[in-house]
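Since the structure comes first, as structure tokens, the remarks are kept for the end.
Derivation of every value follows stated rules applied to the coordinates shown; laboratory data play no part. Keep in mind it's a predicted model, so treat the numbers as computed, not measured. Ideal geometry is used to build each Cβ from the backbone, glycine not excepted, and the neighbour counts take in all protein chains shown.
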Amino acid sequence: MPEILRLKNVLRPKAAFHIGRTYLPAGRGFRAHRHDFSEFFLVESGRGVHEVNGKRVPLEAGSLVWMRPRDLHAVLGEELRMVNIAFDTKEVLAFLRRYLDPLPAFFVGGALPGLLRLEPDAVRWFGLRLGRIGASRTRLDRDLLLLELLERLAFRGSSGMGSPAVPPWILELLDLARDPAVFIHGTRGLVEKSGHSAEHLAREMRRHTGKTPTQIVNEARLAWAAQRLEVSDDDPGDLAHACGFSSAAHFYELFGRRFGASPVRWRKNARSVFAPVVG
């Protein structure tokens, strides 16, 4: 029967989570095991093989994997350096549900654990952050780490274990989509910037982000309009056309669905606290 690793055996007193770093030279690894906790591990350098739930998946620098207690896994290294962060499952899921309900498949669903491919700058960021919190390991440290993970999931998409990393051109396009000069032209603006056909763009966007180009464009338009409502006196109808909506009614509908308030109410709420005092 596979060994079950228990958080209480590694968690030091008053710590909210555990951090461990491991180096696995070629031919060395961890035997198959489960946990009574959740963890994510990040490959900082090198490569290896992850044997998880009956599948063999390659690991490389930047691979960040979210492990659930039910997952059975082993790791074989090839000059692999990795960091593990272990959490109490109930505490972490309760925290995540404050921001995401229901939780995405990255955290709870799927036959295989969730995988995120991090760019080198993100890997360096995690290394620096873990170095700063290595001594304290408070709940605040834990929650800030998880919020950073949520932010990267939101902007870069997540994939199932073994799915390809998000291509750099997709990541660049997601940044460009927030530019008014791009989103005002709708999906046509994204297609032109991508250098790919509309069909290829739609297929790859859905594959890597779970969203259509139209959804991505409209999210960028609404975010821009919400910011303009907070800082300008522009008429909401004019803003609808300025960000590329052909119908103000459609803009109002999508805005209310996205933010839970009409554009007029959004502006009023944003300014209520900072209204000037008269007299």
Any idea how far the Cα center of segment 102-144 sits from the one of segment 180-244, in Å? 29 Å
0 to 90° range, to nearest 10: angle between helix 198-209 axis and the chain longest Cα axis: 50 degrees
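Over segment 168-272, what relative contact order in percent results from Cα pairs under 8 Å that are six or more residues apart?
Details: 94 pairs, mean separation 25.7, N = 105.
Averaging sequence separation for qualifying contacts and normalising by length gives 24 percent for segment 168-272.
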Between the helical axis of 120-133 and the dominant principal axis of the chain, each derived from Cα atoms, what acute angle in degrees is found, rounded to the nearest 10? 70 degrees
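Compute the FRET efficiency between residue 262 and residue 150 as 1/(1 + (r/R0)^6), taking r as their Cβ-Cβ distance and R0 = 25 Å, and round to the nearest 0.05.
Working: r = 28 Å, r/R0 = 1.10.
It comes out at approximately 0.35.
Over the chain, calculate the relative contact order: mean separation of alpha carbon pairs under 8 Å at least 6 apart, over the residue count, as a percent. Let's see the in-between values first.
On the way: 415 pairs, mean separation 39.0, N = 279.
Once divided by the residue count of the chain, the mean separation gives 14 percent.
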Would you compute, from DSSP H runs of 4+ residues alone, the mean residue ellipticity of the chain at 222 nm, taking -39500 (n - 2.57) per run and dividing by the full residue count, rounded to the nearest 500? -13500 deg cm²/dmol
Any idea what the relative contact order of segment 3-160 is, in percent, if you count C-alpha pairs under 8 Å spaced at least 6 apart? 27 percent
Using the alpha-carbon atoms, what tilt in degrees (0 to 90, nearest 10) does helix 139-156 show relative to the longest principal axis of the chain? 60 degrees
Reviewing [x] 15.9; [y] 22.0; [z] 18.8, the figure for mean projected area of the Cα convex hull in nm² actually calculated from this model sits under [z]
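How much length is gained if the chain between residue 49 and residue 89 is pulled fully straight, taking 0.36 nm per residue apart and subtracting their Cα-Cα distance, in nm to one decimal?
Values: separation 40, 0.36 × 40 = 14.40 nm, distance 2.51 nm.
Difference between extended and current length: 11.9 nm.
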Could you give the nm distance between label points at residue 100 and residue 172, where each point is 7 Å from its Cα heading toward the beta carbon? 2.7 nm
Roughly what would the spin-label model give for residue 31 and residue 215, points 7 Å off Cα along C-beta, in nm? 4.4 nm
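What order do you get for 26-38, 191-203 when each peptide is scored by the mean count of other beta carbon atoms within 10 Å, highest first?
Numbers: 26-38: 16.1, 191-203: 14.4.
Averaged packing, sorted descending, gives the order 26-38, 191-203.
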